[in-house]
1. Pop out the carbon and sulfur fraction of the accessible area of the chain as a percent, whole number, probe 1.4 Å.
2. Given +1 on the Cβ of Lys and Arg, -1 on the Cβ of Asp and Glu, and no further charges, what dipole in debye does the stretch 61-151 carry about its Cα centre, rounded to the nearest 20?
3. Can you flag which of Lys19/Lys43; Lys49/Lys124; Lys19/Lys166 are past 27 Å Cα-Cα?
4. Around Asp273, what is the net charge, scoring Lys/Arg as +1 and Asp/Glu as -1 over all other residues with Cβ under 14 Å from its Cβ?
5. Mind listing the long-range amide H neighbours of Val18? Cut-off is under 5 Å, sequence gap 5 or more, other chains count too, H placed in the peptide plane at 1.01 Å from N.
6. Dividing the Cα radius of gyration by the Kirkwood radius, what Rg/Rh value follows for the stretch 28-161?
7. How far, in nm, would the chain grow between Leu178 and Ser102 when pulled straight, counting 0.36 nm per residue and subtracting the alpha carbon separation?
8. Tell me the relative contact order for the chain as a rounded percent, counting alpha carbon contacts under 8 Å between residues six or more apart.
Amino acid sequence: ILEIVDDGEVVAEGDQLVKLDDATILDNMNAQQIMVGQAESAKISAEAKMKVAQINVQEYLKLFERDLQDQESNIVIAEENLRSSQNSLQYSERMFQRGYISQLELESSQFAVRRSDLELTSAKTAKEVMAMYTKQKNLTDFESQVAIAESGLKAELAAYELELTKLKRLEDQLDNCLIIAPNAGMVVYANKQGRRGGQGTQIEEGATIRQLQDILWLPDLENMQVKVKVHETKVEELRPGMRCSIRIQGRRLRGQVERISNQSESGSPFLGDIKEYATIVKIDGSPENLKPGMTAVVEILIDSVPDVIKIPLTSVVEETGKYHCYVRTADGHEKREVEIGASDDTFIVVTGGVQEGEPVIFNPHEVGLVANGAGMVG
């Protein structure tokens, strides 16, 4: 951290909050730009090889057409030579029968026919080999060169994109070295204590931070909320939108439940295995002089039951699935089966079994059936 605003300072949207050391990132960016240039050069070379390989295929097909025409011309010439030598042989045979030419001259004409016939056969074979084998062999070779060039181009393109991604990541990191306030609020350093109260994370100029570490928080003072932990036995009764009473340093505020965590939070080691669930309560309006981190006491209104009889929660005893309380009478303590309803941390609603004004034993468990105090049904 090279620069950071003071803890507790109120900032406006767009204000600079933190400036991080970017020297290493700049060095890495310079090196990465070289890597991008090299990857781009390799990509261009691979694109050129690809084009040359494709041109070679087209060139060979054109040259093959030319060579095939040459072979057809050779066949035509060979056929014409054969026809001419055959005519010459017929003429020589007639002349030999009349005695005008010798046996040697006749054999020479016969040899010329056989030679022309071999030349025609050779020309036809050459054309057949060229059409059936030479073309397939050479075309397969050129097409394989295209496939190799295409594969190489894909690899170079992937390498180029990878290097660009690395450069973009470094550019983003460089931009993130300057942290700007996304909204107005009060700066709160993300200092954390170590285990057992030891030295923990300290945010200050010159401090080294790790990736994804919180540096500071910027709570919006116009939209304050309270994080309250709710006991596991009560959390199922909560619903978003429930109204709340909030007490902060003697001030009474109002709010409502925004959300309830699905996972319990680790509590104090003194609570043992008791689970508590974080519940966020949104404070109504924009009360002045509220600061992040203040202690708040929250009462969440689960239900409202008007005009009912209630007795202290400690007065109710459960036995074999039924609920009882003890009422003080002139003859002693009378055990009453009661029907119960909703409750809070202090009182429970009784819908039957006792009447308004009857004295009930405050805590029957404490001294058997002898009460050390009495509550009044009300």
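1. 50
2. Using only the charged Cβ atoms, the result is roughly 300 debye.
3. Exceeds cut-off: Lys19/Lys43; Lys49/Lys124.
4. Once positives and negatives cancel, what remains is -2.
5. Ile179
6. 1.48
7. 16.3 nm
8. The normalised contact order for the chain reaches 15 percent.
The values are calculated or read from the model by the stated rules, or taken from the named source; none is laboratory data. Here the structure is a predicted model, which is why all the values come from computation and not from measurement. We place every Cβ from the backbone using ideal geometry, glycine too, and count neighbours over all the protein chains shown. When the accessible area is computed, the model is the full protein with side chains, heavy atoms only, and any ligands, DNA or RNA have been set aside. Shrake-Rupley method; radii C 1.70, N 1.55, O 1.52, S 1.80 Å.
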